[in-house]
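J.: I'd like to ask some things about the structure below.
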Amino acid sequence: MIRKIIQIDTDKCNGCGACANACHEGAIAMVNGKAKLMRDDYCDGFGDCLPHCPTGAITFVEREAAAYDEKAVEENKRQKAAAAQKPLGGCPGSAARSMFHQPVPQMHHGCPGSQMRQMQHKPEPAGEDMPVLRSQLSQWPVQIKLVPVNAPYFDGAKLLIAADCTAYAYANFHQKFIRGHITLVGCPKLDDVDYSEKLTQIIRENNIQSVTVVRMEVPCCGGLERAAKVALQNSGKFIPWQVVTFSTDGRILDR
């Protein structure tokens, strides 16, 4: 079948291994100091590896390739996990082992994203006025459900797709992320809608230059990341993109 799949330029590859670490399916491995696509059927075509490559060695192509085989990927993961548990010969100190600890009682049941927690921050010095920062928001509306698909501000836009909570968690959100971007926000837990359909339209029908997805570490935010990935794939365009994850206490965990 003809489908979208990654291609690795070995001349550009510097052998850092970042793409292999980012590929959750195990499609990429390091061979003789270079990244290599080991099996077509392990590549889902979402391109999680692309934003991690520092040299631009990885691109999308459309070619004859085996269909993505999720069962084969899961079996490969299972075999690797089993192999990691096998005892090693030689020094007992190098043997793989698993530790089991008494679980700590939890007061919360249900979605981890709605678990109550309290953050302790260092207070600002008394008597010092904090500088007034200007809003960097450049368009309205911002809700994914409300924004017009063909709004003129999408022409040539750098798109920021942000989970609702991110602007509250990260103190410098306007300066670091909203500035220079067209901002779309949503919450996959509270909005009963598939964002991927509208995001696909926006990306397909406009001249989008890049996509940045900003999410929280909680599991429910994964729905926003998945919707953006599906939209990028379904749009038929090859657009630079990245995912940034915040902790609930406002730290950048991954980008």
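The values are calculated or read from the model by the stated rules, or taken from the named source; none is laboratory data. Note that this is a predicted model, so its numbers are computed, not measured. Backbone-built Cβ (ideal geometry, glycine too); neighbour counts: all protein chains shown.
J.: Which one is surrounded by the most Cβ atoms within 10 Å (Cβ to Cβ), of the residues in segment 208-222 that are of a type in the set (Val, Ile, Thr) and either part of a helix (DSSP H, G or I) or in contact with a Phe, Trp or Tyr (Cβ under 9 Å, 6 or more places away or on another chain) (or both)?
T.: Among residues in segment 208-222 that are of a type in the set (Val, Ile, Thr) and either part of a helix (DSSP H, G or I) or in contact with a Phe, Trp or Tyr (Cβ under 9 Å, 6 or more places away or on another chain) (or both), the one surrounded by the most Cβ atoms within 10 Å (Cβ to Cβ) is 214.
J.: Right, something else. Only one of 180, 186, 236, 156 is surrounded by fewer than 21 Cβ atoms within 10 Å (Cβ to Cβ) and under 18 Å from residue 143 (Cα atoms); which?
T.: Sole residue among the options that is surrounded by fewer than 21 Cβ atoms within 10 Å (Cβ to Cβ) and under 18 Å from residue 143 (Cα atoms): 180.
J.: Could you figure out which of (1) modelled with pLDDT under 90; (2) of a type in the set (A, V, I, L, M); (3) within 12 Å of the chain's Cα centre (by Cα) isn't true of residue 193?
T.: It is condition (3) that residue 193 fails.
J.: How about segment 182-199: which of its residues are under 22 Å from residue 156 (Cα atoms) and free of Cβ contacts under 8 Å to residues at least 40 places away in the same chain?
T.: Those that are under 22 Å from residue 156 (Cα atoms) and free of Cβ contacts under 8 Å to residues at least 40 places away in the same chain: 196, 197.
J.: Among 44, 40, 69, which is surrounded by 16 or more Cβ atoms within 10 Å (Cβ to Cβ), closer than 21 Å to residue 236 by Cβ and out of contact with any strand residue (DSSP E or B) (no Cβ under 8 Å at 6 or more places or on another chain)?
T.: Answer to the selection: 44.
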